[in-house]
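Quick note: the coordinates plus some simple rules give every number you see, no bench work behind them. Just so it is clear, the model here is predicted, and its values are computed rather than measured. Cβ atoms come from the backbone with ideal geometry, glycine included; neighbour counts cover every protein chain shown.
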Amino acid sequence: MSLDGKVAIVTGASGGIGEATSRLFASEGASVAMVARNPKNLEKIVSELKKEGKKVASVLGDIADEKEVQNIVEQTLRQFGRIDILINNAAMINDPIQFHTMTDKVIHELIDINLMGTFRMTRAVLPIMMEQKAGVIVNVASVAGMKAVEKVPLAVYSSTKAGIIMFTKSIALEYGQYNIRINCVCPGAVRSRFLQPYLNDEHAREVLNSMHPLGRIGEPQDVANAMLYLVSDASSWVTGSVLIVDGGVSTK
């Protein structure tokens with residue numbers, strides 16, 4: 001599934017799913033603008049990929065800030081001349097606490113990054129893709145946006161991810177006329193900094209793995225592989241879809 005000649009923006013690229021996706025796209029020939037707020041991890045990854053001959057660029061930016069979103073797009077155009085692919089991956093998750101104890105500050109931050117950040121980045125690239133009469137956007141939602149997670153109180157986080165799913169369907173319908181395809185992936189439990197404390201505990205790790213019909217939690221590469229399909233020509237007749245990548249946990 002070659003991406004030769006394509007230019008991709010990947011947000012939240014300094015680790016986890018974003019890093020795995022950036023690496024995979026670059027290995028398939030894409031030029032990748034890797035976006036993150038934290039320069040330390042990002043610069044290290046980009047430097048490593050450049051030494052391997054990959055066409056990548058580090059772009060510092062906060063998707064919660066409209067001016068920085070515009071700067072992300074402008075930097076990508078200056079570096080690579082076009083934008084073919086947008087991966088809306090950057091997000092935050094709160095500690096699982098009961099809803100009535102959440103402050104407005106935390107609620108607003110979740111909405112501003114997870115939902116509004118996806119809106120801002122999408123709005124910024126759409127005119128470019130419309131002019132090109134081609135483009136692909138993949139939004140990263142979550143199975144938590146499709147079903148409530150038992151014993152893990154994440155009401156606001158889950159609501160933002162549910163919003164991303166409906167946003168995906170709505171704009172896929174609206175922008176299909178411009179040959180722009182828009183899909184989303186819904187990962188389940190994927191190895192991440194958030195899950196690492198549980199994975200370090202043998203009992204907690206066994207419980208997490210046993211929850212999945214395939215017997216393990218996901219790896220960032222599992223989600224990256226799904227996104228490669230969605231941005232490639234192999235999925236040229238796929239838009240408005242919700243691809244679940246969760247080891248079967250949502251079947252229960």
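For a quick check: sort Val106, Val73, Val59 by the number of other beta carbons within 10 angstrom, fewest at the front.
The most exposed by this proxy come first: Val106, Val73, Val59.
Each label point is 7 Å from the Cα along the Cα-to-Cβ direction; what then is the distance between the points at Lys169 and Met1, in nm?
2.3
Check each of the GluC sites (Glu not before Pro) in region 7-56 and keep only those in coil by DSSP with at most 13 other C-beta atoms within 10 angstrom; list them in order.
Glu52
Taking the Cβ of each residue in His203, His108 as the centre, tally the other Cβ atoms inside 10 Å and list the residues starting with the fewest.
His203, His108
At what distance in angstrom do the alpha carbon centres of region 153-199 and region 109-130 lie from each other?
Each part reduced to its Cα centre gives a spacing of 13 Å.
Assuming R0 = 35 Å, can you tell me the calculated FRET efficiency for the pair Glu219 and Lys133, based on Cβ-Cβ distance, to the nearest 0.05?
Between Glu219 and Lys133 the formula returns 0.45.
With each run of n ≥ 4 DSSP H residues scored as -39500 (n - 2.57), what mean residue ellipticity at 222 nm is computed for the chain after dividing by its residue count and rounding to the nearest 500 deg cm²/dmol? Before the final figure, lay out the partial values.
Values: 9 runs with 109 residues, N = 252.
My calculation for the chain gives -13500 deg cm²/dmol from helical runs alone.
By count of other Cβ within 10 Å, fewest leading, how are Asp104, Asp112, Asp84 ordered?
On the way: Asp104 7, Asp112 17, Asp84 21.
So the residues, fewest neighbours to most, are Asp104, Asp112, Asp84.
Give Lys151/Lys252; Lys55/Lys169; Lys6/Lys133; Lys6/Lys50; Lys44/Lys133; Lys161/Lys252 a once-over and call out the pairs whose C-alpha atoms are over 24 Å from each other.
Lys55/Lys169; Lys44/Lys133
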